[in-house]
Amino acid sequence: MSEPASVVRVIGTVALWVLRVLLAAYFLYSAYLLFGPGLAGKFDKIGFGQWLRYLTAVLEAAGAIGLLIPRLGGLAALGLVGVMAGAVATEVFLLNDLGGAQLPLILLALAAVIAVFRRQDITGALSLARTALAGNAAQPRHPAA
């Protein structure tokens, strides 16, 4: 590998880690806020109950932790893309608040950048799951005694 290419690779790796750490910090903070009573009113307006607030908090906290684990970073980012897609849809279609959709849309885009650059994590996990499922299907089942 040539010297300029290795420098670019190092800069890209550092930039991606900085983004991962910043997003993880934000999502941990957001999960903390979701566990508190401050957003209960907003979830009452959504109309699905407070369980959705707690589920969102758990998903955001898990995603934040996953972003910091090298092998889980891509999967965690992909999961956070899904959570933020739900947040954007909720803001736009249930709350009729286009302004409220801006932050989740930005977070969705940033998480998508991580998912794209860590796609080998995602494809590796899918391959591992496929192999494990194929292995379980090949094992004979014993009748219950």
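Each value in this text was obtained by applying a stated rule to the coordinates, not by laboratory testing. In this text, all values refer to a predicted model and were calculated from it rather than measured experimentally. Please note: Cβ atoms are built from the backbone with ideal geometry, for glycine as well, and neighbour counts cover all protein chains shown.
Quick notes on this one:
- For the range 1-69, applying the loop criterion from DSSP together with a ceiling of 12 other beta carbons within 10 Å to the chymotrypsin sites (Phe, Trp or Tyr not before Pro) yields Phe48.
- In sequence order, the range 115-120 has phi-based couplings of 4, 5, 6, 10, 4, 5 Hz under the Karplus curve 6.51 cos²θ - 1.76 cosθ + 1.60, θ = phi - 60°, and Gly or Pro positions carry x.
- For the chain, the alpha-carbon coordinates run over 65, 48, 25 Å along the three principal axes, in decreasing order.
- Its relative contact order, with pairs defined as Cα atoms under 8 Å and 6+ residues apart, puts the range 52-130 at 31 percent.
- Taken as Cα centroids, the range 79-98 and the range 109-125 sit 21 Å apart, rounded to the nearest whole angstrom.
- Positive-end ranking of Val58, Tyr32, Val116 along the dipole of the range 20-131, with charges on Cβ about the Cα centre, is headed by Val116.
- Distance from the range 50-64 to the range 1-23 (C-alpha centre basis), Å: 30 Å
- Total formal charge among the other residues, if their Cβ is under 15 angstrom from that of Ala77, Lys/Arg +1 and Asp/Glu -1: +2
- Listed residue (Gly86, Leu16, Ser127) projecting farthest to the positive dipole end of the chain, Cβ model: Ser127
- The value of relative contact order for the chain, using C-alpha pairs under 8 Å at least six residues apart, is 21 percent.
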